[in-house]
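The values are calculated or read from the model by the stated rules, or taken from the named source; none is laboratory data. Since this is a predicted model, take the numbers as computed values, not measurements. Neighbour counts run over all protein chains shown; Cβ positions are idealised from the backbone, glycine included.
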Protein chains: 4
Amino acid sequence: MNTFGHIYRLTSFGESHGAAIGGVIDGVPAGIEIDLAEIQTELDRRRPGQSAIVTGRRESDRVKILSGIFEGRTLGTPIGFIIENADHHSNDYETMRHCYRPSHADYTYQVKYGIRDHRGGGRSSARETASRVVAGAIAKQILKRKGINIAAYTSQVGDVALHADYRSLDLTMTETNPVRCPDETAADKMEALILEVKSQGDTVGGIVSCVVTGVPAGLGEPVFGKLHARLADAMLSINAAKGFDYGMGFAGASMRGSETIDRFICDGDKIHTETNNSGGIQGGISNGEDIYFRVAFKPVATLLQEVTTITDSGERMTLKVKGRHDPCVVPRAVPVVEAMTAMVILDAVLLDKTTHI
Amino acid sequence: MNTFGHIYRLTSFGESHGAAIGGVIDGVPAGIEIDLAEIQTELDRRRPGQSAIVTGRRESDRVKILSGIFEGRTLGTPIGFIIENADHHSNDYETMRHCYRPSHADYTYQVKYGIRDHRGGGRSSARETASRVVAGAIAKQILKRKGINIAAYTSQVGDVALHADYRSLDLTMTETNPVRCPDETAADKMEALILEVKSQGDTVGGIVSCVVTGVPAGLGEPVFGKLHARLADAMLSINAAKGFDYGMGFAGASMRGSETIDRFICDGDKIHTETNNSGGIQGGISNGEDIYFRVAFKPVATLLQEVTTITDSGERMTLKVKGRHDPCVVPRAVPVVEAMTAMVILDAVLLDKTTHI
Amino acid sequence: MNTFGHIYRLTSFGESHGAAIGGVIDGVPAGIEIDLAEIQTELDRRRPGQSAIVTGRRESDRVKILSGIFEGRTLGTPIGFIIENADHHSNDYETMRHCYRPSHADYTYQVKYGIRDHRGGGRSSARETASRVVAGAIAKQILKRKGINIAAYTSQVGDVALHADYRSLDLTMTETNPVRCPDETAADKMEALILEVKSQGDTVGGIVSCVVTGVPAGLGEPVFGKLHARLADAMLSINAAKGFDYGMGFAGASMRGSETIDRFICDGDKIHTETNNSGGIQGGISNGEDIYFRVAFKPVATLLQEVTTITDSGERMTLKVKGRHDPCVVPRAVPVVEAMTAMVILDAVLLDKTTHI
Amino acid sequence: MNTFGHIYRLTSFGESHGAAIGGVIDGVPAGIEIDLAEIQTELDRRRPGQSAIVTGRRESDRVKILSGIFEGRTLGTPIGFIIENADHHSNDYETMRHCYRPSHADYTYQVKYGIRDHRGGGRSSARETASRVVAGAIAKQILKRKGINIAAYTSQVGDVALHADYRSLDLTMTETNPVRCPDETAADKMEALILEVKSQGDTVGGIVSCVVTGVPAGLGEPVFGKLHARLADAMLSINAAKGFDYGMGFAGASMRGSETIDRFICDGDKIHTETNNSGGIQGGISNGEDIYFRVAFKPVATLLQEVTTITDSGERMTLKVKGRHDPCVVPRAVPVVEAMTAMVILDAVLLDKTTHI
């Protein structure tokens, strides 16, 4: 189950310290011009070593496209790609061979498979998300031609939360700071908090918000495969994600119907809603308003402190991880959220084409 | 996309005012004794007309099993079933033919399909969830034989929230009150709130919490199809659901790694964790601890007040819905949450059998 | 795995002597007028008891559509349907409970599932194909609106083979005789052979040929899911089918490239081929020429003679099946071949819509 | 649709003259030792340039495994692999840019996608089957541990047909001659025929037969996904395949039930059949006897003669292909047939594990 999507599908492979990670993107519409540099730009947003607040690992994360693009345009055939794993310090991980790190996947992988690549988390490493960024970057380019844009940003780090509605923010500011928060004041506080947490050898959680504009009405499926269910599935597949809500979300639990229903208004020929508590989706199908949702991330489980844990034979051991880990996953999760969103929306666009003959 | 699951799969059909709803359950393990009365009991938990706080519609919701069970045991072949739609008042709905109710799926279905069954919401009616309860009831029986139990309950209605940890509750009390809240005091407040809201012609949202015990370690898939992503997909496919989180969930966004990592402890041969902020899942794979999660539901969009809306030709109209609607969807959502959970867990149990040869 | 198709998908259920058989058709394009009487007509072509050369069982095979069609048009939602099993003589089958009939699925089902419905073959009965005829009849109606027509016919019964090319036949004659062979002379010989074989308590095999006209170029998938591979999968899923070939087929094995390549010709703007040894498919994708293929059926394994076999405890027993079995499956297989073909082609039409955005 | 299989799944990518071809194998059982040299051996069986009777192209076809195998054993995670395309003579193909070769996929790809990689057939090149050989070689190794063996061989080239039953052949002799025919006399005749045809600039068709021994009873699915339907789908996905039959196959069409039913015999506790006209599969499920089937291949469409054809603007042109093409595809198809068979059987073994809980 390393495939995501129905029509536009990514099949991902790779352990963090194997020869390479990569994937195959199937169901790509044919004849579309692809800007390869833009794919690399998205990868660079996700890559470690960008700033002081993320892991210091140096991974160049250069993607090699192996097929499916010919003379700059998609062939409609699968796009195979790899990203080589350059920065091996596998010996660093030898002490991990028999160690179960708390709140990581070491133990669960071992139980499930009876074997695991213990180096750097193997398949469970967040490095795997680079493959998603590639598939998402291509999807984003295709969606942009349809006028659909996706913008995610950091809306909370620890107890520093950006309460402003996304409509009051200038989302073009997101990339102006390393936290990826479009509000400068909040960004400064978040950055300060991350540095403080880092200096304590600790980590902190946060929230990524995401907005999709320009989505036509009619995308999504009515029962299983509701558009928001696909988004939830996509978001919860990202490492460290613990929750998802859309539109009024969890806040709606304490509200009344009379204050939350979105009344229709007619704007010439166009039908809109006065408010958008529905988050752009009604009955699982997009209604043409903006889609917006939130993804909660837990604090990274790798602390830069001494931690007591157990070995695979059940003995106590003390673990002291060396540097190069993110004190907060959220800034680097922003492009991954966008990538997974792009895959979901493009898949829905393509699937919707089969509604009529 | 009316199929859910990989191995244990429900394909659902039916409009609320057509001849019948129903489904086909494929991938059912062979040779398992099934108690048909228990399936009906689960359906009765979901059915309208149970109490003063739910819709007064009378639907007997009798399931007819048509195949796949022979002399009381599963054949391993698909279980086809139908639930006839007995309580037709289709004429009541004639005024709905050209009406788009706010925050319903009338408009989005019309845009997507160019046609819709306007009677009672058609395919978008929550009546469809009865089919899931059937598939879930069978899954629950199978899981129970493996020692896996699923218990959902109402943990919030409007601003009445049950803050207690599930471990401090007696979940066998859930069915003792119509709200399905295991805490008697909270249940009374929730019931009072629902009745108050109902008397105002309004509706209110809430939260369902769910706990799965007895899950073996090793279920779930590492990248796409993480166990919690499957649960999120399942939960967000339920009508009116707006959010999902598991383990520490959204609360984890404001926490530190040092306070949230679940340290391992050895209990003889068994490996456990001291705390369970992970919610029983690490790296997408169950770790043997309890799985727990929350599902947020919005207030039902059908108010018993006059509402101004538009017709499909864009004209203003006033809508006054007659009785028989739920003021709060949460109590009746509890068995649906359990059903979808059972399907996800059983599917994961079966899929995990293919990990080794 | 009781689902067939990617977009237009049939999920089938039912044992031959349970309450009903039926299915759910998902992915049906929305807004299409459906003639329910035509569906019944197709079912009547498949139904037992039509003539002296098929089984004498009386099954009325009335289909009940339960959802997905509203005021005569498809809703785009799943079409659920059932066909009740009226003609139960289950006691007739009590002696079958512990018997493994030779060349039937009794033994293999028992080994696989550890349980089986022994009455009339249960799930392995050809009665299941009635569900496919329903799904195929709907697909046929949809395809007809696109100018795509499907015509199957009996081209061989035992050693009576119709060697004529399909282009020299008048396929509108197929339904004029019970054998469903468009050549009257051959039809007479086939009928005589079937009656002779029947009088001997024996059975005989045969071949169904099928032609699809009006298929646009571009349908099918390049690697897996080649259009002819889909057809092969579909045809070999029909009871008693033993082989499939298309275009020049097995005959091509003894031929040279120079005599088989289909040279292009231009007919105004249109590109055609002079010959059609390719059978309308090149590289897995339709080229706009007629698609034609053959399906070989074995002689039915149920003889009306005394047969020695074994019980499920390995004891020898003598089996004498009472009447009501087909001496030759081919005439009733003709509508099933058409139905499966229609499902494959419609699925390909819908999937092809996702090739471009 | 570049994915094959349900549990053990190959997703293939690559154009023949792009950077590389390759694939991702998902659903691989965990903890199995894999002999990488054996994978290469299988690739070498398929590779061009082995002998005088196949294409003279030099492709080293070295596979690089990128993930999923760790310290010699499968991790249960996806196996990503690539085979670089070393032997580019892309300029040779410039004249092909606007040319539609007869009975190739040039025209159908162009119609479907509106774009194609014209170099060497691009995605439609038989080079793609190298990826299948990799996935099949791994499947074969896993199956061998379960006592399941797969042996394909050339049973016909042109009109030189090997009529002997496979049970009378010594299948270990298959690799002793370049034709891959286990009967030395027939092999000599086949080889002579291929050389004669080659000298004429022509090509010739043929048949590959395949036998699977050691298959346990119970594999396969009862309705869709019958074991032989999966095999048919797999075989018809191989380039140039035109037909498939199994067991008595097309010959059964002219036979009687009384001469073809396979009577049961008890061999101690074991149940067998006296004859095996069923080809080891009854009702879509394996019965424990040998599975055997045939695959018909057409003569390769690339002739080494001058051929008249058209350009993509409909103009007549004369095509003279330079060397390096197979005069008969059959010898190199043998390992591909085995590979696809191995994938189907392993997939069925894994899926069957979900039949019981």
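Quick check: anything in region B:201-216 modelled with pLDDT of 95 or more, closer than 30 Å to D:G76 by Cβ and polar (S, T, N, Q)? So far as region B:201-216 goes, yes, one or more of its residues are modelled with pLDDT of 95 or more, closer than 30 Å to D:G76 by Cβ and polar (S, T, N, Q). Against the criterion of being modelled with pLDDT of 95 or more, on the phi < 0 side of the Ramachandran plot, within 11 Å of another protein chain (Cβ to nearest Cβ) and surrounded by fewer than 22 Cβ atoms within 10 Å (Cβ to Cβ), B:I115 qualifies.
Mind listing whichever residues of region C:176-194 are under 21 Å from the mean Cα position of the chain (by Cα) and either part of a loop (DSSP other than H, G, I, E, B) or within 26 Å of C:G249 (Cα to Cα) (or both)? Give the derivation first.
Going through region C:176-194, the residues under 21 Å from the mean Cα position of the chain (by Cα) turn out to be C:176-183, C:187, C:190-191, C:194.
Selection gives C:N177, C:P178, C:V179, C:R180, C:C181, C:P182, C:D183, C:A187, C:M190.
When restricted to residues that are buried (at least 21 other Cβ atoms within 10 Å of the Cβ) and either within 24 Å of B:G114 (Cβ to Cβ) or of a type in the set (S, T, Y) (or both), region B:293-308 contains 2. Screening A:G201 against (1) in a helix (DSSP H, G or I); (2) in contact with a helix residue (DSSP H, G or I) (Cβ under 9 Å, 6 or more places away or on another chain); (3) over 30 Å from C:A30 (Cβ atoms) leaves a single unmet condition, (1).
The rows are residues; the columns are (1) touching a residue at least 60 places away in the same chain (Cβ under 8 Å); (2) touching a helix residue (DSSP H, G or I) at 6+ places or on another chain (Cβ under 8 Å).
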position	(1), (2)
C:R97	no, no
C:P102	yes, no
C:A105	no, yes
C:K112	no, yes
C:R123	yes, yes
C:R127	yes, yes
C:A130	yes, yes
C:I148	yes, yes
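Among the residues of region B:296-319, those that are at the interface with another protein chain (Cβ under 7 Å from one of its Cβ atoms) and in contact with a Phe, Trp or Tyr (Cβ under 7 Å, 6 or more places away or on another chain) comprise B:A296, B:T309, B:I310. When C:T275 is tested against (1) within 7 Å of chain D (Cβ to nearest Cβ); (2) among the hydroxyl-bearing types (S, T, Y); (3) surrounded by fewer than 19 Cβ atoms within 10 Å (Cβ to Cβ), exactly one condition is not met: (1).
Within the bounds of region A:259-271, is there any residue that is free of Cβ contacts under 8 Å to residues at least 40 places away in the same chain, under 30 Å from C:A30 (Cα atoms) and in contact with an Asp or Glu (Cβ under 6 Å, 6 or more places away or on another chain)? So far as region A:259-271 goes, yes, one or more of its residues are free of Cβ contacts under 8 Å to residues at least 40 places away in the same chain, under 30 Å from C:A30 (Cα atoms) and in contact with an Asp or Glu (Cβ under 6 Å, 6 or more places away or on another chain). Whether a residue is touching a residue at least 40 places away in the same chain (Cβ under 8 Å), part of a strand (DSSP E or B) and of a type in the set (D, E) was assessed, and B:D245 passes this test.
In region B:1-32, which residue that is among the β-branched types (V, I, T) and over 22 Å from C:P29 (Cβ atoms) is nearest to the other protein chains (Cβ to nearest Cβ)? Spell out how you get there, then give the answer.
Restricting attention to region B:1-32, the residues satisfying the condition of being among the β-branched types (V, I, T) are B:3, B:7, B:11, B:21, B:24-25, B:28, B:32.
Now narrow it down to the ones that are over 22 Å from C:P29 (Cβ atoms): B:7, B:25, B:28, B:32.
Numbers: B:I7: 5, B:I25: 9, B:V28: 9, B:I32: 7 Å.
Filtering first and then ranking leaves B:I7.
Among the residues of region C:150-161, those identified as in contact with a helix residue (DSSP H, G or I) (Cβ under 8 Å, 6 or more places away or on another chain), in contact (Cβ under 8 Å) with a residue 40 or more places away in the chain and crowded, with 22+ Cβ neighbours inside 10 Å are C:I150, C:A152, C:Y153, C:T154, C:Q156, C:V157, C:G158. The set of residues from region B:220-238 being in contact (Cβ under 8 Å) with a residue 24 or more places away in the chain, at the interface with chain A (Cβ under 8 Å from one of its Cβ atoms), outside any helix (DSSP H, G or I) and not small (G, A, S) comprises B:E221, B:P222, B:V223, B:K226. Go through the residues of region B:97-113 one by one and say whether even a single one is farther than 28 Å from C:E84 by Cα and in a strand (DSSP E or B). Checked region B:97-113: at least one residue is farther than 28 Å from C:E84 by Cα and in a strand (DSSP E or B). When each of C:S278, C:S286 is tested for being at pLDDT 95 or above, more than 21 Å from C:D92 (Cβ to Cβ) and in contact with a helix residue (DSSP H, G or I) (Cβ under 8 Å, 6 or more places away or on another chain), the lone residue that passes is C:S286. A:V54 meets each of the listed conditions (1) under 17 Å from the mean Cα position of the chain (by Cα); (2) modelled with pLDDT of 95 or more; (3) in a loop (DSSP other than H, G, I, E, B); (4) among the β-branched types (V, I, T) apart from (2). Across region C:309-346, the number of residues qualifying as assigned to a strand (DSSP E or B) and in contact with an Asp or Glu (Cβ under 6 Å, 6 or more places away or on another chain) comes to 2. Of the listed requirements (1) in contact with a strand residue (DSSP E or B) (Cβ under 6 Å, 6 or more places away or on another chain); (2) under 19 Å from C:F70 (Cβ atoms); (3) of a type outside the set (S, T, N, Q), B:I65 misses just one: (2). Restricting attention to region B:203-217, the residues being at the interface with chain A (Cβ under 7 Å from one of its Cβ atoms) and out of contact with any strand residue (DSSP E or B) (no Cβ under 6 Å at 6 or more places or on another chain) number 1.
Scan region D:90-105 and give yes if some residue there is hydroxyl-bearing (S, T, Y), within 14 Å of chain C (Cβ to nearest Cβ) and touching a Phe, Trp or Tyr at 6+ places or on another chain (Cβ under 7 Å), otherwise no. Yes, region D:90-105 has at least one match. For D:E175, the conditions (1) surrounded by fewer than 22 Cβ atoms within 10 Å (Cβ to Cβ); (2) more than 19 Å from D:G136 (Cβ to Cβ); (3) of a type outside the set (A, V, I, L, M); (4) modelled with pLDDT of 95 or more all hold with the exception of (2). Out of C:G268, C:G288, C:G252, one residue alone is small (G, A, S), within 7 Å of chain D (Cβ to nearest Cβ) and more than 20 Å from the chain's Cα centre (by Cα). It is C:G252.
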